[in-house]
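Read the structure below first, then the notes.
The values are calculated or read from the model by the stated rules, or taken from the named source; none is laboratory data. Since this is a predicted model, take the numbers as computed values, not measurements. Virtual Cβ from ideal backbone geometry, glycine too; neighbours counted across all protein chains shown.
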Amino acid sequence: MTAQGPRVVLVGAMGAGKTTVGMLVADALGVDFLDTDQVVEREAGKTVSEIFIDDGEAHFRELERRAVATSLASHEGVLALGGGAVLDVATRDLLDGHRVVFLRVGLSDAAQRVGLGVTRPLLLGNVRGRIKQLLDERTPVYEAVAQHVVDTDGLSAPEVAALVRAVVEDGGHA
Ligand code: S3P
């Protein structure tokens, strides 16, 4: 665990609850919450969907890589990464040494939580099918970067937040 940097970094798929849970955990710990999608949107001056449409996914990933690097170096609260951020090898290297928690979600709960998925360009067209594909492809990557796994299926956001908080407060190794 590095001396500086986030108290905890949340990773996981769209619909895992990273943002909702992250805000609750930050509140409980009395620290700030930051989501790398917000950093990207601020930097670009437009939404993630607009970046995908105007500039393409590769450009979004470049902005995301920079947003993650800056946030890991400077944010000391709770940090949530966009669902695809861990696909980048440089990002995975940067995560080494941080306390990373994987919020695991199954297909049914993820599909319910994202609903029609209108703000998530990667899901458009076939929300359930795309989530299944992304979960299949990415679950091993989330497992590889995280020291802790919290299963979120069937749990409310406050219940998941309490489990994450326990990991942070137990000082679970990073
Ligand atoms: C993405 C997840 C989104 C956002 C973008 C791409 C992904 O973030 O970064 O739409 O590739 O899984 P959330 O996981 O916060 O929805």
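List every residue pair whose Cβ atoms sit under 7 Å apart, with the two residues 6 or more apart in sequence or on different chains, where the first one lies in region 45-59 and is in contact (Cβ under 8 Å) with a residue 60 or more places away in the chain and closer than 19 Å to M14 by Cβ and the second, anywhere, is among the aliphatic types (A, V, I, L, M) and within 11 Å of the ligand (Cβ to nearest atom).
Pairs that qualify, where the first residue is in contact (Cβ under 8 Å) with a residue 60 or more places away in the chain and closer than 19 Å to M14 by Cβ and the partner is among the aliphatic types (A, V, I, L, M) and within 11 Å of the ligand (Cβ to nearest atom), are V48/V40.
With the structure loaded, tell me whether V21 is touching an Asp or Glu at 6+ places or on another chain (Cβ under 6 Å), surrounded by 24 or more Cβ atoms within 10 Å (Cβ to Cβ), of a type outside the set (S, T, N, Q) and touching a residue at least 12 places away in the same chain (Cβ under 8 Å) or whether it fails that test. So that I can check it myself, show each step before the final result.
Working: touching an Asp or Glu at 6+ places or on another chain (Cβ under 6 Å): no; surrounded by 24 or more Cβ atoms within 10 Å (Cβ to Cβ): yes; of a type outside the set (S, T, N, Q): yes; touching a residue at least 12 places away in the same chain (Cβ under 8 Å): yes.
Considered against the rule, which asks whether it is touching an Asp or Glu at 6+ places or on another chain (Cβ under 6 Å), surrounded by 24 or more Cβ atoms within 10 Å (Cβ to Cβ), of a type outside the set (S, T, N, Q) and touching a residue at least 12 places away in the same chain (Cβ under 8 Å), V21 comes out as no.
Residues in region 82-117 that are within 15 Å of the ligand (Cβ to nearest atom) and either free of Cβ contacts under 8 Å to residues at least 60 places away in the same chain or not hydrophobic (A, V, I, L, M, F, W, C) (or both): how many?
So the count comes out to 15.
Looking at region 135-146, which of the residues that are more than 11 Å from L10 (Cα to Cα) and touching a strand residue (DSSP E or B) at 6+ places or on another chain (Cβ under 8 Å) is farthest from the ligand (Cβ to nearest atom)?
E143
Could you check region 143-173 and list, in sequence order, the residues that are in a loop (DSSP other than H, G, I, E, B), touching a residue at least 24 places away in the same chain (Cβ under 8 Å) and buried (at least 17 other Cβ atoms within 10 Å of the Cβ)?
A146, T152
Which of the residues belonging to region 135-149 are more than 14 Å from the chain's Cα centre (by Cα) and either among the hydroxyl-bearing types (S, T, Y) or at pLDDT below 95 (or both)?
Q147
Among residues belonging to region 104-121 that are at pLDDT 90 or above and in contact with a helix residue (DSSP H, G or I) (Cβ under 6 Å, 6 or more places away or on another chain), point out the one that is nearest to V68 (Cα to Cα).
A110
Go through region 83-95 and count every residue that is among the charged types (D, E, K, R) and in contact with a helix residue (DSSP H, G or I) (Cβ under 8 Å, 6 or more places away or on another chain).
Total satisfying the criteria: 2.
Identify the residue in region 21-69 that is within 30 Å of A162 (Cβ to Cβ) and of a type in the set (S, T, N, Q) and, among all such residues, is nearest to the ligand (Cβ to nearest atom).
Across region 21-69, the extreme among qualifying residues is T36.
Would you check if there is a residue in region 99-111 being among the polar types (S, T, N, Q) and touching an Asp or Glu at 6+ places or on another chain (Cβ under 8 Å)?
Yes, some residue in region 99-111 is among the polar types (S, T, N, Q) and touching an Asp or Glu at 6+ places or on another chain (Cβ under 8 Å).
Looking at R42, R92, R65, can you tell me which residue is closer than 16 Å to R138 by Cβ, of a type outside the set (S, T, Y), at pLDDT 95 or above and in a helix (DSSP H, G or I)?
Working: R42 fails: closer than 16 Å to R138 by Cβ; R65 fails: closer than 16 Å to R138 by Cβ.
Just one listed residue meets the conditions, R92.
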